[in-house]
Amino acid sequence: MELSRLFVSDTCFFSPPIRYSPSPALSTFFTVRLRINRRRRRSFCFASNHDTLIAGGGPVVAGAGEKHEEDLKSWMHKHGLPPCKVVLKDKPCHNDPHKPIHYVAASQDLEVGDVAFSVPNSLVVTLERVLGNETVAELLTTNKLSELACLALYLMYEKKQGKKSFWYPYIRELDRQRGRGQLSVESPLLWSKSELNYLSGSPIKDEVIQREEAIRKEYNELDTVWFMAGSLFQQYPYDIPTEAFSFEIFKQAFAAIQSCVVHLQKVSLARRFALVPMGPPLLSYQSNCKAMLTAVDGAVELAVDRPYKAGDPIVVWCGPQPNSKLLINYGFVDENNTNDRLIVEAALNTEDPQYQDKRMLAQRNGKLSVQVFRVYAGKEREAILDMLPYLRLGYVSDSSEMQSVISSQGPVCPVSPCMERAVLDQLVDYFKNRLAGYPTTLAEDEFMLTDGNLNPKKRVATQYVRLEKKMLHACLQATTYFINQLPDHSISPCPAPYAPLLK
C-alpha cells in the first residue's frame, strides 16, 4: 500500500492527515389525588380542598377565597424578607387553559451588581431543614436517593397540611406554575406518549424514558427516606409514602422540584440543593447570563449582572447545560446556547484481531475503547477534526502497519488516501442516517415554527429537534469539505473489515 506522508504529530494516528484550513470565525406539581390508606380509610385534607389543582383536568379556576389570600411576596415580607427591588408579574400563556405563570421583574431601574433580593435562610428549603440532621442528609444523598426526591417528598407531605403548613403560600405558587418553564411548557417527563413523539428521531426521547425509570426507582425507595427522616416520621408516623402518594403524583412533584431547585455553591452537602421562593421558575434562565443565586451570611441573594429597566424580567444563569438538559429539567430550549451539543459515540471493533493494540494506543492518546465525542454548536468542524484520528486508528488492518504505528517515535505518521476517504465516507453516512431518522426535515421544522397557533409543547419540541438538525447538517458540511480537500478524488475507499462503530 502506498502511503502518503500527510500529517505531523508526536504520536501516530492522532493528528490530521491534511492541513485543513481553519474555519472563520408539572401538570400541577402538588396535585394530590391521594391513594386512600386501606387500613384507615381516611381522606387526606388537601386532596379535597377547594383550590386543589387536578392533573389532567380542565381550566384551573381560582377558589372563591383565593383573592383574599396574601401573595407569595407579601408572605415572604411578613416572615423576614427584607425590602427588595423586584415585583411578581403575570405572563399570559398562549393556547394554555391554566392560570398565567408568574415571573420576577425589576420594580425599579437596576445597575450591574445591585442586589435584587435577599431571601433569609428561614424561607429556604434544604435537606438540612427537611431531614433535621445533616448527617442523615449526607447518608441519604450518597445512597440510593437524590436530593430532589427528598425535597419532593417533604413538600408533598407539607401540601397535605393545607393552609396549616407554613409553606402553604409557596406551595400554592408552585401549584400555579404547574412545573411550567418560561415557555409555559412542562418538562417532557410529564408529557403523554403521543406528545413525546414530537421528539421522534432525537436521542432525547430515550433520555426522557430513562429518566422516568430512574424516578420510579427513587419512588420505590421513598419508604426508606420516610423511616430515616425523623422530622417526617414524627409528623406523619402512619403515612407511608408509597401508600399516601401514587407514582404519578410523585413524578409530578419531582419534575416541579427539578424545575425550581437551585444549586448553591460553597455550602455544606445538606444545603447544596435549595428551593428558594422568588427563585426559579419565577426567574427565567438564560445561558449567556452570569448572575447566580448565591449563599451569603444567613441568606440567599441575587446580584444582577446587567442593567434593568423597571418592569424588565430578571434572568439568571442556568449553568453550562446543553439544550437537552434545559428541556428535560425546565421545559425550554435556548436558541443561543453556546453549551448546546450533540453526542457521537465511537467504539473500536472488539472483533478486530488487533483490538488490544488499538485500545492500548487509544489510551496512550487519552481516548477510550468506547469514546464519547461532544460536538458543540458552532464548533462542528473542530469536533470532526477531533474524531478523525480515532477513526483512522480503527481502519488500520495490516499487522505490520499496526506495529509501525505502535513503535513510531518520529513526528510524521503515514495515512493512505484510500483510508482517509473511507473514514470520511463513514462519517458522511453516519450524519445522513441520523438526519434521516427524524420524521421531518429542517426546512419543514422552520416552516412549522412560523405558525403562531402551534401547540406550546410541539413548538418547544420542534425548536429542540431543529437545533439538533442544524448541528448535524453543519457536521455533514464539514465532513464534505474535508473530502473536497483530498488530493485525488478518483481513489476508492479502502475496505474496512473492522471499521469503528458509530452510534
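The residue of the range 280-313 that is surrounded by the fewest Cβ atoms within 10 Å (Cβ to Cβ), among those that are among the hydroxyl-bearing types (Ser, Thr, Tyr) and over 19 Å from GLU335 (Cβ atoms), is THR294.
As a summary of the residue check, VAL316 satisfies the conditions (1) surrounded by 21 or more Cβ atoms within 10 Å (Cβ to Cβ); (2) in contact with a Lys or Arg (Cβ under 8 Å, 6 or more places away or on another chain); (3) outside any loop (DSSP other than H, G, I, E, B); (4) not basic (Lys, Arg) except for the one numbered (2). Scanning the range 431-462 for residues that are more than 30 Å from MET387 (Cα to Cα) and small (Gly, Ala, Ser) turns up just one, GLY452.
With (1) open to solvent by less than 10 Å² (accessible area, probe 1.4 Å); (2) in a loop (DSSP other than H, G, I, E, B) as the list, and LEU326 as the residue in question, which single condition is left unmet? LEU326 satisfies every listed condition except (2). Among residues of the range 271-285 that are on the phi > 0 side of the Ramachandran plot and part of a loop (DSSP other than H, G, I, E, B), those with a beta-carbon under 9 Å from a residue that is open to solvent by less than 10 Å² (accessible area, probe 1.4 Å) and among the aromatic types (Phe, Trp, Tyr) at least six positions away or on a different chain give the pairs MET278/PHE117.
Against the conditions (1) more than 30 Å from LYS85 (Cα to Cα); (2) open to solvent by 60 Å² or more (accessible area, probe 1.4 Å); (3) assigned to a loop (DSSP other than H, G, I, E, B); (4) polar (S, T, N, Q), where does ASN336 fall short? Just the number, please. Unmet condition: (1). Selection within the range 344-374: residues that are part of a strand (DSSP E or B) and in contact with a Lys or Arg (Cβ under 7 Å, 6 or more places away or on another chain). The member of this set that is most open to solvent (accessible area, probe 1.4 Å) is ARG374. Scanning the range 454-503 for residues being open to solvent by less than 20 Å² (accessible area, probe 1.4 Å) and charged (D, E, K, R) gives a total of 2.
The values are calculated or read from the model by the stated rules, or taken from the named source; none is laboratory data. Note that this is a predicted model, so its numbers are computed, not measured. Note that we place each Cβ from the backbone using ideal geometry, even for glycine, and neighbour counts take in every protein chain shown. Just so you know, the surface numbers come from the protein's heavy atoms only, side chains and all, with ligands and any DNA or RNA stripped out. Shrake-Rupley method; radii C 1.70, N 1.55, O 1.52, S 1.80 Å.
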